Amino acid sequence: MRRNTRGKIPGVQAHTPNALLRFAVGNDLARGVAARALHRLRPMSAEKRSAWTGALIGIGMMAAVDEIVFHQVLGWHHFYDRSTLAVGLLADGLLHAAELIAIVAGFFGLLALRKRGELEGPWAWAGFFLGLGGFQVLDGVVIHKVLRLHQIRYGVPLLPYDLAWNFAGLVLMGVGLVLLVRARKQSGGGHAFAPHPSSL
């Protein structure tokens, strides 16, 4: 069954991503999220804090790619397709707001770590790719197949799309794991973010 063509909700003004980003940067919400996240991560090592902060940015970035490319440009689906078009557009807006907060909060977190001299670049990159792939796989398995909030595309065989979607996520996670192992080796094997292969 094909979805209805996309439309506009009367009375809702469109905002560009840049305008929303400027609003998020200027708002205390993103700064507060970053501060609370770093406070929770403070008992962790600098390596772990860098990895988790990178993962937050990765999650936000992949959500942004999904929402902009597949929701807006291609128009394949909305975040919630089990109701009216207006509800689907509202769900997209909430997803867009969440991803912007995650990205901005993550960058505030990285800046805070760098200011204190605690930023570990290799660990942050590892977390970034793990965040990218983790969101992709979570979306492809939980959102698409378990909760069935939406499918990748409608009116076509889903299997090739599902396989490509989840394979891309697994590749990104694989890159993150490789970077994580390298980061661990560079730091002398201490403060493990994940078990070292030799310990398994």
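Under the condition of being out of contact with any Gly (no Cβ under 8 Å at 6 or more places or on another chain), more than 16 Å from LEU170 (Cβ to Cβ) and not aliphatic (A, V, I, L, M), the residues counted in segment 111-149 number 9.
For beta carbons closer than 9 Å, sequence separation of 6+ or different chains, a first residue in segment 85-101 that is assigned to a helix (DSSP H, G or I) and a second that is surrounded by fewer than 19 Cβ atoms within 10 Å (Cβ to Cβ) and of a type in the set (Ser, Thr, Tyr), the qualifying pairs are LEU85/THR5; ALA91/SER83.
Going by the structure shown, is VAL137 surrounded by fewer than 20 Cβ atoms within 10 Å (Cβ to Cβ) and of a type in the set (A, V, I, L, M)? In short, yes. Look at (1) without any contact (Cβ under 8 Å) to a residue 24 or more places away in the chain; (2) hydrophobic (A, V, I, L, M, F, W, C); (3) touching a helix residue (DSSP H, G or I) at 6+ places or on another chain (Cβ under 8 Å) and you find that MET173 fails only one, number (1). Residues in segment 88-128 that are within 25 Å of GLN186 (Cβ to Cβ) and among the small types (Gly, Ala, Ser) were compared, and the one that is farthest from the chain's Cα centre (by Cα) is GLY117. Condition check for ARG114 on (1) touching a residue at least 24 places away in the same chain (Cβ under 8 Å); (2) of a type in the set (D, E, K, R); (3) surrounded by fewer than 17 Cβ atoms within 10 Å (Cβ to Cβ): one failure, at (1). Return yes or no: is ARG49 assigned to a helix (DSSP H, G or I), among the basic types (Lys, Arg) and in contact with an Asp or Glu (Cβ under 7 Å, 6 or more places away or on another chain)? Spelling it out, ARG49 is indeed assigned to a helix (DSSP H, G or I), among the basic types (Lys, Arg) and in contact with an Asp or Glu (Cβ under 7 Å, 6 or more places away or on another chain). If you go through segment 140-167 and keep only what is crowded, with 16+ Cβ neighbours inside 10 Å and assigned to a helix (DSSP H, G or I), you end up with GLY140, ILE143, HIS144, TYR161, ASP162, TRP165, ASN166.
Each value in this text was obtained by applying a stated rule to the coordinates, not by laboratory testing. All figures in this text were calculated on a predicted structure; none of them were measured in a lab. As a convention, Cβ positions derive from the backbone with ideal geometry for all residues, glycine included, and neighbour counts pool all protein chains shown.
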